[in-house]
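Chemist: This structure is in structure tokens; I'll ask about it shortly.
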Amino acid sequence: MAQILTFLGKGGTGRTTMAIAAAKYHASFGRRVLLASQGSGPEFSLLLGASVASEPTEIAPNLQAIQFYTPYMLEQGWEQVKSLEAKYLRTPFFKEVYGQELAVLPGMDSAFAINAVREYDAGGKYDVIVYDGPGDRETLRMLGIAEIAGWYLRRFRQVLDGSDIVRALSPFVQPVSSAVLNVDWSQTEFTTEKLDDLLGQGKRTLSDPQRMAAYLVTTADPAAVAVAKYRWGEAQQIGLTVGGVILNRSSLSDAIASEFAPLAVSAVPNKTGDDWQPIIENLPDFENVANAPKPMEIDLDAQTVRLFLPGFDKKQVKLIQSGPEVTVEAGEQRHNIFLPPALQGKSVKGAKFQNQYLTISF
């Protein structure tokens, strides 16, 4: 399993430059690195100084690069769907639809890219994967998909398990689906337990700073600083640890340092020509990410849940308890908190938002 790094911030602040520098940094220590960029334009190859394809290409010792090309990945994925359909259905109906005909829908770019990163991680060929994505809220939503999907599965299962219609139909579901799909469900490996396990793996990866971390990239421009802080808060909402801040093309000031406290801010110089070394030498300490503020802490003795929500003010944070779970809404992200057994079923007694922390008492 690899360590996965990504970069968040406003467009034009140098996220791609920092991703390349981070990949070169890790490769210099002998780690097997995959540098993955989302997008099909020529900018990435030009900045990297090497031609990059839609399959991993070695561009330096220990360093491979890939540029995710969504139409290509869509075609590959569609062929897999057709293969499964032909295996399990008596009368395939997708066989006359070809991957080359399919258009890319909004959101597909990030979805395919995140899934590709997951597959390369599972392949075990790399020690570090540096993902250069859009660095926006849609990227964060895709990264948090395991948490979101887990909530849907958990809640709708709870609702449907007690439904009269499900109890009435359940004896017929397996034999009817087996006849229609021409598959013996007793022999298949796919179960809801396995789906739970898969989603659980995704959530554990996202919440483990040794496995996955994000870094904010900004300049001294107030708009860039504000966007970086907002992305910080959104990352915390999905459980992704932000390990530090990279201040690009600017000198570090007390004002900027205080904006991102308690994170460390690393100021990097302008890139000149093909010389990456000055940037690499001023990058954050990627090994020290575990010391960053944790997105959420649960204290069973005090019966509290504490969430770190930087970038938001009190008016932007909303707490909702409906049913067995608690939902925290901050900005445009929602975090459905799956409480430990000791707190499940308890009502919220109070909530306080202070010093960027939301403390919920039960």
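The values are calculated or read from the model by the stated rules, or taken from the named source; none is laboratory data. Every value quoted in this text rests on a predicted model; they were computed, and no experiment measured them. All Cβ positions, glycine included, derive from the backbone under ideal geometry; neighbour counts span all protein chains shown. Remember, those area values only see protein heavy atoms, side chains included, never the ligands or the DNA or RNA. Shrake-Rupley method; radii C 1.70, N 1.55, O 1.52, S 1.80 Å.
Chemist: Name the single residue that is most open to solvent (accessible area, probe 1.4 Å) among those in the stretch 49-62 being out of contact with any Ser or Thr (no Cβ under 9 Å at 6 or more places or on another chain) and under 11 Å from ALA36 (Cα atoms).
Modeler: Restricting to residues being out of contact with any Ser or Thr (no Cβ under 9 Å at 6 or more places or on another chain) and under 11 Å from ALA36 (Cα atoms), the top hit is GLU55.
Chemist: Among the residues of the stretch 1-46, what is the count of those that are open to solvent by 40 Å² or more (accessible area, probe 1.4 Å), farther than 24 Å from LYS125 by Cβ and not charged (D, E, K, R)?
Modeler: Total meeting the criteria: 4.
Chemist: Among the numbered conditions (1) surrounded by fewer than 12 Cβ atoms within 10 Å (Cβ to Cβ); (2) at pLDDT 85 or above; (3) in a helix (DSSP H, G or I), tell me where VAL117 comes up short.
Modeler: Condition (1) is where VAL117 drops out.
Chemist: I've got another one for you. Counting only residues that are touching a residue at least 12 places away in the same chain (Cβ under 8 Å), of a type outside the set (D, E, K, R) and farther than 21 Å from GLU234 by Cα, give me the strands (runs of 3 or more DSSP E) lying completely in the stretch 262-342 with at least 1 of them.
Modeler: Working: elements: 265-268, 296-299, 304-308, 317-322, 325-330, 333-337.
It comes to 265-268, 304-308.
Chemist: I'd like the full set of residues that are of a type in the set (A, V, I, L, M) and closer than 18 Å to THR13 by Cα, limited to the stretch 236-250.
Modeler: VAL242, VAL245, ILE246, LEU247, listed by residue number.
Chemist: Considering each residue of the stretch 313-342, count those that are open to solvent by 20 Å² or more (accessible area, probe 1.4 Å), in contact with a Phe, Trp or Tyr (Cβ under 8 Å, 6 or more places away or on another chain) and within 30 Å of VAL265 (Cα to Cα), and give that number.
Modeler: Here the count works out to 3.
Chemist: Name the single residue that is modelled with the highest pLDDT among those in the stretch 22-38 being in a strand (DSSP E or B) and not aliphatic (A, V, I, L, M). Steps first, please.
Modeler: Step one: of the stretch 22-38, the residues in a strand (DSSP E or B) are 33-38.
Among the residues that remain, those that are also not aliphatic (A, V, I, L, M) are: 37-38.
Numbers: SER37: 92, GLN38: 86.
Out of the qualifying residues, it is SER37.
Chemist: State all residues of the stretch 39-69 that are among the charged types (D, E, K, R) and in a loop (DSSP other than H, G, I, E, B); if no residue qualifies, say none. Even if it seems obvious, please write down each step before you answer.
Modeler: Restricting attention to the stretch 39-69, the residues satisfying the condition of being among the charged types (D, E, K, R) are 43, 55, 58.
Result: GLU55, single match.
Chemist: I'd like the residue in the stretch 323-362 that is of a type in the set (Gly, Ala, Ser) and closer than 25 Å to MET142 by Cα and, out of all such residues, is modelled with the lowest pLDDT. I'd like the intermediate steps shown before the answer.
Modeler: Our first condition is that a residue be of a type in the set (Gly, Ala, Ser); within the stretch 323-362, this holds for 323, 330-331, 342, 345, 347, 350-351, 361.
Cutting the leftovers down to closer than 25 Å to MET142 by Cα gives us 330-331.
On the way: ALA330: 86, GLY331: 75.
Per the criteria, the residue is GLY331.
Chemist: Say whether the condition of being open to solvent by 70 Å² or more (accessible area, probe 1.4 Å) and among the acidic types (Asp, Glu) is met by at least one residue in the stretch 223-238.
Modeler: no
Chemist: Looking at the structure I just gave you, is ALA213 at pLDDT 80 or above, open to solvent by less than 80 Å² (accessible area, probe 1.4 Å), under 20 Å from GLY331 (Cβ atoms) and in contact with a Gly (Cβ under 9 Å, 6 or more places away or on another chain)?
Modeler: no
Chemist: For ASP274, are the conditions met, namely being of a type in the set (D, E, K, R), modelled with pLDDT under 90 and open to solvent by less than 60 Å² (accessible area, probe 1.4 Å)?
Modeler: Here the answer is no, as ASP274 does not meet what is asked.
Chemist: Next question, about the same structure. Could you tell me whether any residue of the stretch 248-256 is part of a strand (DSSP E or B) and at pLDDT 90 or above?
Modeler: yes
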